[in-house]
Amino acid sequence: MIIAIDGPAASGKGTIARRLAARYGLPHLDTGLLYRATAAALIAASRDLNDERAAVAAARGLGFAGFDETALRGREMGEAASVVAAMAGVREALLEAQRAFATQPGGAVLDGRDIGTVVCPHADVKIFVPASAAARAERRALELAERGERGDYAAILADIERRDARDTSRTAAPLRAAADAVKLDTTHLSIEAAVGAAERIVEAARSRT
């Protein structure tokens with residue numbers, strides 16, 4: 001069973017994906033980490049984030065394990081990842097590996113922004129997870145506070161809106177819901193309620209097969 005979960009930053013898609021993977025005993029891939037790791041490699045090498053040739057080379061050199069998730073999940077790295085993720089060459093460099101992960105025996109859960117539309121267009125379950133920009137900014141600010149970091153709500157909101165604009169307007173695999181995806185708006189849902197709703201979507205899909 002392949003479960004594809006897409007949505008914008010801080011919509012809850014990652015947590016939902018991890019919980020579904022645990023529930024159904026499937027491997028999980030947060031594809032956003034691949035783009036963050038690509039951006040991190042460029043920064044570490046003092047390369048321009050807009051250098052597509054260097055970005056493609058960095059993407060091709062990635063493995064799918066050993067990521068320092070704490071370092072990669074920072075707000076600044078999310079912004080940097082959004083820059084390299086807009087490059088068609090980078091997306092192409094990572095596509096085959098993502099598909100190989102998805103089609104391993106038994107299936108997998110993948111979350112990102114183009115899983116249901118590009119990476120796994122024939123996924124058994126497709127869920128698109130939107131939420132208002134304001135709600136997502138509040139969640140990001142709360143995450144920072146829980147880690148003992150200060151987060152400026154206005155700056156976080158501006159960052160989210162900027163990333164949304166870049167992700168939805170890029171020519172290479174823009175963020176959008178697949179035509180056959182089930183939308184799960186988490187704006188007013190707790191994570192437990194969102195995960196429960198996602199499980200019901202999966203069970204409904206399984207009952208049809």
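The values are calculated or read from the model by the stated rules, or taken from the named source; none is laboratory data. For clarity, every value in this text was computed on a predicted model and none was experimentally measured. Positions of Cβ are generated from backbone atoms using ideal geometry, with glycine treated the same way; all protein chains shown enter the neighbour counts. Areas reflect the complete protein model, heavy atoms only, side chains present, ligands, DNA and RNA absent. Shrake-Rupley method; radii C 1.70, N 1.55, O 1.52, S 1.80 Å.
None of Leu62, Leu49, Leu42, Leu33 is in a helix (DSSP H, G or I) and farther than 22 Å from Lys13 by Cα except Leu42.
On the stretch given as region 59-86, residues that are at pLDDT 90 or above and open to solvent by less than 20 Å² (accessible area, probe 1.4 Å) total 7. Does Arg47 satisfy the condition of being more than 17 Å from the chain's Cα centre (by Cα), modelled with pLDDT of 95 or more, under 29 Å from Leu144 (Cβ atoms) and open to solvent by 30 Å² or more (accessible area, probe 1.4 Å)? Criteria met by Arg47.
Are any of the residues in region 104-111 assigned to a helix (DSSP H, G or I) and open to solvent by 40 Å² or more (accessible area, probe 1.4 Å)? No - not one qualifying residue is present in region 104-111.
Just checking, does region 1-16 include any residue being without any contact (Cβ under 8 Å) to a residue 60 or more places away in the chain, surrounded by 20 or more Cβ atoms within 10 Å (Cβ to Cβ) and over 20 Å from Ile156 (Cβ atoms)?
Looking through region 1-16, none of the residues is without any contact (Cβ under 8 Å) to a residue 60 or more places away in the chain, surrounded by 20 or more Cβ atoms within 10 Å (Cβ to Cβ) and over 20 Å from Ile156 (Cβ atoms).
Looking at Val125, Val182, Val118, just one residue is open to solvent by less than 20 Å² (accessible area, probe 1.4 Å) and within 24 Å of Ala21 (Cα to Cα), and that residue is Val125. The numbered conditions (1) of a type outside the set (D, E, K, R); (2) surrounded by 14 or more Cβ atoms within 10 Å (Cβ to Cβ); (3) modelled with pLDDT of 95 or more; (4) part of a loop (DSSP other than H, G, I, E, B) are all true for His188 except (2).
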